[in-house]
Amino acid sequence: MAVATGMLGLLFIGPIFILFLGLQFLLSRTRPFWPGLILPLLTALYSLMLCVNLTDVGDLLQNLLAIFTVLLLGNIPTVLLLAIYYLARRKYWKKNQLEKMRAQDLE
């Protein structure tokens, strides 16, 4: 029963995750830079919210370890979305550098 429930959850979450990755790619390729940073900002805020919602798990060392673990694992989507952002924005950065070089050549 647990395996079937896990597979059912994966069937629902998988396409949603792929849609978010596609949305991030489309937002990152827009001319203004800020739309591509919306989803990474939301996932980073969500991981911070997870840390705030941690209950007291023990002594100070255990609490710090729990916070570090939640921050590390909670920011995996943030890192993935930022990687998509930088890969999608390379075209604009290269184009901007070429325009700067052409402007310098004209002077």
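Some values worked out for this structure:
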quantity: Kyte-Doolittle mean at least -0.5 and Cα axial length at least 24 Å: DSSP H helices in the chain; calculated: 2-28, 76-106
quantity: MRE, 222 nm, helices only [DSSP H, n ≥ 4, -39500 (n - 2.57), over the chain, to nearest 500]; calculated: -28500 deg cm²/dmol
quantity: Rel. contact order, % - alpha carbon contacts under 8 angstrom, at least six apart, the chain; calculated: 31
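None of the figures in this text is laboratory data; all of them are computed from the coordinates on show. Since this is a predicted model, take the numbers as computed values, not measurements.
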